[in-house]
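Written below as structure tokens is the structure these notes are about.
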Amino acid sequence: MLIAAFENPVDDAQSTFRTLLSALAEPLLPRALPVLPDAPAGLTPAGAALLLTLCDADTAVWLPPQLLEAADYLRFHAGARLVADVADADFVYIPHGAALPDLASLKNGSVEYPDRSATLIIDAEGFSKGDGETSITGSGPGFAAPRKLDIKGLAEPFWPDWRAAASRFPQGVDVFFVAGDKVVGLPRTTRIEGR
């Protein structure tokens with residue numbers, strides 16, 4: 001049986017989109033998502049909220065192959081086109097505990113069209129103020145001062161891959177981390193220290 005998505009599709013997607021823009025404007029600052037829809041197995045409500053907001057018939061989405069119910073959910077509710085090769089995807093969803101793709105293998109845009117790149121949505125265990133040895137410090141556009149954050153449960157080797165991808169700016173990928181009802185943005189303009 002197909003699971004319902006946003007109760008008010010237009011209003012819920014618009015309010016979620018505004019939250020995502022804010023998350024990218026102030027990177028590494030957790031923000032509460034305004035709406036959490038029901039989600040099929042393998043897809044968290046926060047992950048579902050982002051995919052329902054960002055994906056449509058013009059976007060290519062990659063999900064791990066075991067998320068068959070989630071694929072049907074996105075096809076039905078968003079009209080999303082699912083792709084088998086992660087290199088062809090505009091949006092890549094990584095459930096908690098799943099292996100991360102090599103960021104260099106994703107769409108990175110071009111110098112002329114850097115916006116033609118992939119966006120990752122990664123499920124994390126949680127977020128905390130960055131005071132531990134696993135925390136990172138971000139700086140760059142959107143930071144009045146460097147900001148620390150610990151993104152718990154993030155698979156390795158994400159941060160070394162991130163630094164390598166960021167070295168090709170303006171090409172690169174953007175990332176949203178989700179945990180519980182929170183989202184954290186990590187645009188390619190962010191400089192990361194630590195880890």
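The values are calculated or read from the model by the stated rules, or taken from the named source; none is laboratory data. Keep in mind that this is a model prediction, so the values were computed, not measured. Heads up, the Cβs are rebuilt from the backbone with ideal geometry, glycines too, and the neighbour counts pull from every protein chain shown. Ligands, DNA and RNA are stripped out before the accessible areas are found, and what is left, the full protein with its side chains, is counted by its heavy atoms. Shrake-Rupley method; radii C 1.70, N 1.55, O 1.52, S 1.80 Å.
Within segment 41-84, the set of residues being over 19 Å from residue 122 (Cβ atoms), open to solvent by 40 Å² or more (accessible area, probe 1.4 Å) and in a loop (DSSP other than H, G, I, E, B) comprises 56, 57, 58, 84.
Which condition does residue 89 not pass, out of (1) touching a helix residue (DSSP H, G or I) at 6+ places or on another chain (Cβ under 9 Å); (2) modelled with pLDDT of 95 or more, if it passes all the others? Among (1) touching a helix residue (DSSP H, G or I) at 6+ places or on another chain (Cβ under 9 Å); (2) modelled with pLDDT of 95 or more, the lone unmet condition for residue 89 is (1). Quick one: is residue 164 open to solvent by less than 40 Å² (accessible area, probe 1.4 Å) and under 27 Å from residue 59 (Cα atoms)? Taking the combined requirement at face value, the residue does not satisfy it. For segment 1-25, filtered to residues that are outside any helix (DSSP H, G or I) and surrounded by fewer than 18 Cβ atoms within 10 Å (Cβ to Cβ), the residue that is modelled with the lowest pLDDT is 1. Can residue 138 be described as within 19 Å of the chain's Cα centre (by Cα) and on the phi > 0 side of the Ramachandran plot? So residue 138 fails the test.
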